[in-house]
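**Q** This structure is in structure tokens; I'll ask about it shortly.
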Amino acid sequence: MSSPRDDLIRLTNLQLERTLDESEHQRFNELLRDNDDFVSLYVELMAIHGHLLWGAGAAGDTPVSTPEVCMEVAEKVRRRRPLGRRIAAVAATVLSLVCGWVVLSGVSSMPDVVVENGPDIRSPGSDSDEQTVATQYQPSPSESNSELSPLVLDSLQSPAGVPKDLTGEAVAEAKDVTPPNDLSDADIVAEIDRLVADTWQQHDLVPSPTASDTEWIRRACLNIVGRIPTIEESTSFLASNSPRKRQQVIGDLVQSSERSSHLAVVWANMLIGRTERRGVNRDKLFEFLFKEFQQNAPWIDTVGELISASGRSDTNGATNFLLAHLNNEATPATAVTARLFLGEQMSCLQCHDHPFSKGVGQSEYWALNAFFKDTDRVTVSVAMNDSAVRPSLRNAAWKLVDRRRGERVTFFENRSGQQKAVLPTYDGHIISEDSTVQRRAELARLLASDSQTKVAKAMVNRMWAHFFGYGFTTPIDDMGPHSVVSHPELLAYLTQAFVGSGYDLQRLMTWVASSQAWQLSSEAYAANTVDRPEYGEMPLFTRVYVRRMTPEQVYESIRIAVRSAGQQRVTAAEVSSQHRREWVRQFARAYETDENDEAIDFDGTIAQAMVMMNGDDVDNAIRQASRSIVRGGAQVNSAPQALDRVALAMLTREPTTGEQRVFRRRYRQLAQESLASVAMPTALGDMMWAYLNSSEFVLVH
């Protein structure tokens, strides 16, 4: 039988969860009414709870009360010594207001064991009834004596039931943010602009001015097609007087094959990494992704294909995602699927419940893992007597197959050492033991009908970060109930609009790129210097944040800059994707983690890029381009025009006065030392190298 002290701890936890029944309320009152020690214990528990909330919820420079403040307020409650029910109400209210916890409701707790009304489920190899898995585990009194039960961190409500953000202000969740399905792109962009502008007004911020045309066209090409603009693209855009020229560029780029290629590279890197993995065919995965993006297939269908694909890696490109992550009992497949497609970090749930969200438990991780229980990867048989095949056995194709296991339940061990079991479960739907459905195909179907539309929300957040440099959450793939959302109403609105569009990625990219916020300059001004997400603060999108190019963007931009300056062909068909991959791979290192993680040792400098890219090739290309300019191949008639062309090709702008002065001085120096016919192309080549090695070249701004 539990002691009164244990009863108080248990009832306090239930009170925080708001699950006390009438008899438990009565017992709670009795324990607190006449016992000062119990009142002190209750205050300590509430202070600990407030401390945990503060540590989990504090972010940026938003004013948040410290644990000491929580303790001081709780001490005032203790001195007043009201009845238990009044203490509970006052303490919960104080903690809601002081700690400013964001309440996210609607997250259902996963069952520890989802097998009901069936035979006893024993852990594999168990011969003892003591290892029988209970249908729903509850801590015993003896366990409670050893340590305090876990405190629930996601159940506090404000007195009126209104959720609060970290500032203690009410979050407007009651408003219906679902847009009608027949809204035009212009209507949706207008609502995005309104919601972002509301945030600026609330924080008394003035956004940066509109970006210049040169800044904007460079940013648009880097974000949408993964490279800087060619001279022809820049010249045509800058010469246009059309008030809709930015919308026209967005439309052209979003529908181009280069956008599909760029997204295929980005997603191939996220799905399987940049390092080579045995049995994984990167080319086929790229082909699959390129086709999906080029046909503008609904994103939910693409995700479904990646999760449910079967067959050979060299014939069905979609299989390569899971083939890369089925090691270690598919734990990497579980974690990567959750992170990329659901926007949830679940790796830590492999061993324990989430420390800040009761609704996200260890059982949820293993219930998702159970969808991959029947899936195997096998090597494709080859003719060993074929001498032509032997050298390539290491790169032999693998095959993704589903084989029904005899044991349909997935077992895991909690932190107490107790064996538990789950069946595949998602969004409240449980796949029974005797079900004959293909589990991965069923998971794809459940994701498409998800009541919380997690796949859509995760992609909206990721695509917003793709354009702005930061998403609505930090990090972008950790959107659980504990996460603070910078613009919750905007995220909800865009998610519903994306779902209503049929998961149309082209339209989603168009909405974000057409928004007023994305037309702004990246330069910070005195009126918005408090908007500093680079210091861990909440992004307010008063400007487009500066960031470094990815290695792939650097590679493509060097190629475009040099060839465009010399008026050489720069069609995508000439790109050697194999050479680019081999170059990028030099910066990548793989780790044997639960998510098959990688690190990229690329500091974004051109000096580092040149060393790894083969500097002689680049040097020769620059010489060829500079000679072409001087010989009139680029249609320039003077030295200033030549420099203008180089600056436009490299940095998408005119040369500064200082750059013009340096160029003239370098030309005069070379002319004194050699023939004028040699001096000019050499001076231009030197300026190309200088521009390529500037920090400005490698920035997306």
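None of the figures in this text is laboratory data; all of them are computed from the coordinates on show. Worth saying up front: this structure is predicted, and the values here are computed from it rather than measured. Reconstructed Cβ throughout: ideal geometry from the backbone, glycine too, with neighbour counts over all protein chains shown.
**Q** Taking a threshold of 29 Å on the Cα-Cα distance, which of the pairs LYS245/LYS454; LYS291/LYS399; LYS291/LYS454; LYS284/LYS420; LYS420/LYS457 fall above it? Working shown, then result.
**A** Numbers: LYS245/LYS454 35 Å; LYS291/LYS399 21 Å; LYS291/LYS454 24 Å; LYS284/LYS420 39 Å; LYS420/LYS457 31 Å.
Beyond 29 Å between Cα atoms: LYS245/LYS454; LYS284/LYS420; LYS420/LYS457.
**Q** If you don't mind, there's one more thing I want to ask. Could you run the Karplus curve 6.51 cos²θ - 1.76 cosθ + 1.60 with θ = phi - 60° over segment 253-267 and give me ³J(HN,Hα) per residue in whole Hz, x for Gly and Pro?
**A** Listing the rounded values in order: 5, 5, 8, 7, 5, 5, 4, 4, 5, 4, 5, 5, 5, 4, 6 Hz.
**Q** List, in order, the whole-Hz ³J(HN,Hα) value for each residue of segment 222-233 obtained from phi through the Karplus relation with A = 6.51, B = -1.76, C = 1.60 and θ = phi - 60°; use x for Gly and Pro.
**A** 5, 6, 8, 10, x, 7, 6, x, 6, 4, 4, 5
**Q** Work out the length of the dipole vector of segment 648-701 about its Cα centre, built from +1 on the beta-carbon of each Lys and Arg and -1 on the beta-carbon of each Asp and Glu, and round it to the nearest 20 debye. Don't skip to the answer; put the middle values down first.
**A** Numbers: 6 positive and 5 negative charges, 39 e Å.
Using Cβ point charges on Lys, Arg, Asp and Glu, segment 648-701 gives about 180 debye.
**Q** Given H placed 1.01 Å from N in the peptide plane, which residues other than close sequence neighbours of THR210 have an amide H under 5 Å from its amide H?
**A** SER521
**Q** What residues qualify as long-range amide H neighbours of VAL700, i.e. H under 5 Å apart, gap of 5 or more or another chain, H built at 1.01 Å from N?
**A** The list, which skips near neighbours in sequence, is ARG547, ARG548, MET549.
**Q** Enter the Cα centre distance for the pair segment 440-502 and segment 276-335, rounded to the nearest angstrom.
**A** 21
**Q** Using θ = phi - 60° and the Karplus relation 6.51 cos²θ - 1.76 cosθ + 1.60, list the HN-Hα couplings for segment 647-657 in order, rounded to whole Hz, with x at every Gly or Pro.
**A** Using θ = phi - 60°, the values come out as 5, 5, 5, 8, 10, 6, 6, 7, x, 6, 4 Hz.
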